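Following: one structure in structure tokens, then a few remarks.
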Amino acid sequence: MNYNETLNYLYNQMPEYQRIGHAAYKEGLENSLALDKIFNHPHCHFKTIHVGGTNGKGSTSHLLAAILQQSGYKVGLYTSPHLIDFRERIRINGEMIDKQFIIDFVKQYKDKFEPIMPSFFELTMEMSFLWFSEQKVDVAIVEVGLGGRLDSTNIISPDLSVITNIGLDHIKYLGNSLPKIAAEKAGIIKPHTPVIIGEAGSIEVAQVFIDKAKSEEAPIIFSEMYMNNFEADRSDIGMFFKADGYKELRGELRGPAQEKNARTVLTAVEVLNEIGYNIPKEAIYSGFAKVISLTGFLGRWQVLQHKPKIICDIAHNSHGIQFVVEQLTREIYNNLHIVFGVANDKDIDSILKILPRHAIYYFTRASVERALNENIVKEQASNYQLFGSSYPTVNDAIAAAKENADNDDLIFIGGSSFIVADALTILI
């Protein structure tokens, strides 16, 4: 098999949750543990940092990777989903996994892993661990896929666990309340291993984390309390952060929740230094300022064009969308055009009710099976006084928005990571 044939095999034999949803989801760690045994537990050959939470996992993971890379470490990074290229999921010091390794991995081991019938995520996770081990990384940042307690990645024994925040998402799998979801996310808290909580959100959620950490005898750090005198300011060239020990720390990421992510990452860096890592201040400044070029990060409040200005963001639940809406209020424009679509398993009403009503909408669907029909989105949006036209493809929707927009207008593309993925293939 060549590379494209290998990818088709992976997608067809081990369907990807991000593309088809529930049918691809496999709960529990049995498959992951079985796979790990086949490959002789490759994740034990390097240090790991585990990053979970509802939103901000990607930004936090990439920032930590950039900072550690600038500190002289050889850093693996495992994240999901990818937006353009499958290999975005598996990187070392910003470089994507080698195509030939993917081909050889499937060819050499499929007779061993096929009987296990692993999910796409389970198999690609193990592929990443084997690649990191063979390439002798010093440390890998491992992003949780879904939840925490039963997520495939929870077979690792990290130096540090990070839980960014808790919001209502994937309630079919994780529970229909914030404390229930927090209990699932808290599953990545390991015995005697420090855990950082980026944003507790409520006393009830905080107590879930406190109780779990106590049961595991794990030191727990709430970044909102730990990082003193933290301030954030936005500018045209990014964001600037201040805290005790940090002055004029420029962040390249300009996403709507980067203030919270930055505070979480700075807390993580402090804790990592306390447990034996060597992360100098200049590496922190450099990592924040150059995270995109260092890691290849895409799709977070990414400016794709000027005149008219086009911005995309992969926020895909009400918890994330509310930050997008807040950020849109800070932009200057004459008219707002929104290219919008969602996955069919999202709580669309919780998203629609917070979207701006003054925008012109271009309802569409992404090129994946999980995408909700654009006409259904349009019909439900009208219940919230959100009006526009529907388009069968993201390409059609973007073309219509660009045709209608003047140079001083703003076009925002979002609602789903799949919408953004389709847009990036068109616009970059």
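Numbers for the structure displayed
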item: Most fluctuating residue given options 396, 159, 244, as computed from a GNM of the chain linking Cα atoms under 10 Å; result: 244
item: Percent of C-alpha pairs per 10 Å bin, segment 23-167, short to long; result: 12, 45, 36, 7, 0
item: The chain, relative contact order in percent, only Cα pairs under 8 angstrom and at least six apart counted; result: 16
item: Ellipticity estimate at 222 nm from DSSP helix runs (n ≥ 4, -39,500 (n - 2.57)) divided over the chain, nearest 500; result: -12000 deg cm²/dmol
item: Overall dimensions of segment 3-295 as given by Cα atoms, namely Rg and Dmax in Å; result: 18.5, 56
item: Per residue, the convex hull volume that the Cα atoms of segment 252-307 enclose (Å³); result: 90
item: Nearby aspartates and glutamates by direct alpha-carbon distance to residue 180 (threshold 12 angstrom, same-chain neighbours under 8 apart not counted); result: 169, 204
item: Reachable aspartates and glutamates from residue 353, criterion Cα separation under 15 angstrom, eight or more residues apart if same chain; result: 326, 379
item: Segment 356-428: C-alpha gyration tensor shape, a/c 1.5 cut-off, then a/b vs b/c; result: oblate
item: 25 Å tail of the calculated P(r), segment 132-240, as % of Cα pairs; result: 30
item: Segment 69-157: relative contact order as a whole-number percent, Cα under 8 Å and 6+ apart; result: 36
item: Pairs of Cα atoms farther than 21 Å apart, segment 257-366, %; result: 50
item: Once the Cα gyration tensor of segment 302-427 is diagonalised, semi-axes √(5λ) in Å; result: 19, 16, 14
item: Above-threshold pairs, the threshold being 28 Å between Cα atoms, out of 57/99; 107/346; 185/260; result: 107/346
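Where a number appears in this text, it was derived from the coordinates with a stated rule and is not lab data. The shown structure was predicted, so the numbers you read here are calculated from the model rather than taken from an experiment.
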